[in-house]
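Chemist: Okay, here's the structure, questions in a sec.
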Amino acid sequence: MKSPTLKIVLGSLLLTTIFSCNKTETIGAYDQVDTDYTATPEISDSISSVATLQVKDKQFIKSADVNMEVKDVYEATISIEKQLKNLGGFVTSSRLNANIVAEETFNTSDENATLVRKFQTENTMQVRVPTEKLGDLLTFINDKKLFLNTRNITAEDVTANIKLAELEAKRNAKTGTNISQLKTDKNKVKIDDDNQLEGNYQKVASFEMTDNLKFSTVDIYLKEPKLRVAEIAITNTRNIDNKYKFNFFYDVKNAFVEGFYLIQKLVIGLVTIWPIILISLIVLYFIRRRKETLKMENSDQNS
């Protein structure tokens, strides 16, 4: 009987095989059908035959990505979302950005101004649509284009992966039966847990495989070919700043009050140092008396 570690390794290899669908890998596999359309002035068909590909006894996971320019990104986004809802699909992500290229403010009056902003809008979306409706969605998207930059549609044959998953599920069930016949001990519990874990991984992988077969993933990039201009009414902030920058009467009043407070502070400061002032006055008094005494003595001697 296989060890638990070996079972986990085999389970990981199975998951790697099942999830081997790679959207960006469009060539080099014998079981993968792919088309790549580059922007051309004229498109002969609305969608590729890959989008509606059906082969007997074959199952395909289909995906697509579209990069194109439209007249109005917001309007095109809303239209695609509505059409997607009608087809039974849903949006998994949508990121709409308005890239500001330049902006400038023009004053039109003392109170009003106009902000002129130049910008370019783009949106990156990822949607999922029932696989049988993939062609309808791509046709609708194609009708919104001004210029098609790139369009990639991929159909990956996963028939062998599905068969492998079925065989692994049977093997897991048989292993579980064999484990149940073992004598109960610590090793049996560990082996049984590992087998159940491998079975859970297989169930999740099978569920995701079924989901990818039922719904196709489409990545959409929309962009407007030219800059757009928005004129936004705003307040003339420069005039407002000048209006309140200087007020003569208000400033005179504040200066008078501040001057009065300054006098108070000076008086309080003089009162605080009164001992120094008193000592200075006494010293000055004795100096003046000394000078007067010397002056009188000199006068007596001269006489």
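Chemist: Please work out the Cα center distance from region 209-258 to region 103-165, rounded to the nearest Å.
Modeler: Centre-to-centre distance over Cα atoms comes out at 26 Å.
Chemist: What full-extension length gain, to one decimal in nm, is calculated for K226 and E208 as 0.36 nm per residue of separation minus the Cα-Cα distance? Could you put the intermediate results ahead of the total?
Modeler: Numbers: separation 18, 0.36 × 18 = 6.48 nm, distance 4.09 nm.
Net length gain for the segment: 2.4 nm.
Chemist: Another one. Can you tell me the FRET efficiency between K170 and Q196 if r is taken as the Cβ-Cβ distance and R0 is 22 Å, rounded to the nearest 0.05? It would help to have the intermediate numbers written out before the result.
Modeler: Numbers: r = 16 Å, r/R0 = 0.71.
Given R0 = 22 Å and the Cβ-Cβ separation, E is 0.90.
Chemist: Determine one quarter of the surface area of the Cα convex hull of region 204-303, which equals its mean projected area, and express it in nm² to one decimal.
Modeler: Values: hull surface 103.9 nm².
Mean projected area for region 204-303: 26.0 nm², to one decimal.
Chemist: For the cross-link pairs K58/K163; K145/K226; K85/K145; K118/K145; K85/K133, which exceed 18 Å when the distance is taken from alpha carbon to alpha carbon?
Modeler: On the way: K58/K163 11 Å; K145/K226 14 Å; K85/K145 20 Å; K118/K145 22 Å; K85/K133 11 Å.
Checking Cα-Cα distances, K85/K145; K118/K145 exceed 18 Å.
Chemist: Read phi for every residue in region 255-264 and hand back ³J(HN,Hα) as whole Hz from Karplus 6.51 cos²θ - 1.76 cosθ + 1.60, θ = phi - 60°, with x for Gly and Pro.
Modeler: Along region 255-264, the couplings run 5, 4, 5, 5, x, 5, 5, 5, 4, 4 Hz.
Chemist: Could you work out the relative contact order of region 77-132, using alpha carbon pairs under 8 angstrom and six or more residues apart, expressed as a whole percent?
Modeler: Relative contact order of region 77-132: 43 percent.
Chemist: Place the peptides 79-91, 169-181, 98-110 in order of packing, highest mean first, counting for every residue the other Cβ atoms within 10 Å and averaging per peptide. All intermediate terms of the calculation are to be shown ahead of the outcome.
Modeler: Working: 79-91: 16.1, 169-181: 13.1, 98-110: 11.5.
Sorting 79-91, 169-181, 98-110 by mean packing, highest first, produces 79-91, 169-181, 98-110.
Since every read-out is calculated from the coordinates, none of them should be taken as a lab result. In this text, all values refer to a predicted model and were calculated from it rather than measured experimentally. Heads up, the Cβs are rebuilt from the backbone with ideal geometry, glycines too, and the neighbour counts pull from every protein chain shown.
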